[in-house]
Amino acid sequence: MARRMSNRARIDRMREEAELSADAKKKKDKARAVADGTGAMRVVWSVCDVAGNPVSVHPYPQKDKAEAEAKALTDVKGETHFVRRDKVPI
């Protein structure tokens, strides 16, 4: 005749099963992110207006060009423009 499980044993077993399913879900989500391209990101410089909306985007090595454009836009338009580092999907 089989013995009944104690509450503690049942709770421990449920917790272990939940942890295993959470790990499996993380692996599945990571594989899905890599497959659809959202996992790979690249860094770019965005020239933004006062509200934080990007006006233009420059590749990472061209920070000087982005800063020069931000200064020129600030001088021409009279509104503050700044350079922000952003990550975009590849």
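The values are calculated or read from the model by the stated rules, or taken from the named source; none is laboratory data. A quick note: this is a predicted structure, and the numbers were derived from the prediction, not measured. Cβ coordinates were reconstructed from backbone atoms using ideal geometry, including for glycine residues, and neighbour counts include every protein chain displayed.
Annotations
- Counted residues, the range 64-76 - those being exposed (fewer than 12 other Cβ atoms within 10 Å of the Cβ) and among the charged types (D, E, K, R): 2
- Output for the range 35-52, where each listed residue is at pLDDT 95 or above and of a type in the set (S, T, N, Q): 46
- Residue in the range 64-82 that is nearest to residue 41 (Cα to Cα), counting only those that are at pLDDT 95 or above and basic (Lys, Arg): 65
- Selection status of residue 21, modelled with pLDDT under 80 and among the polar types (S, T, N, Q): yes
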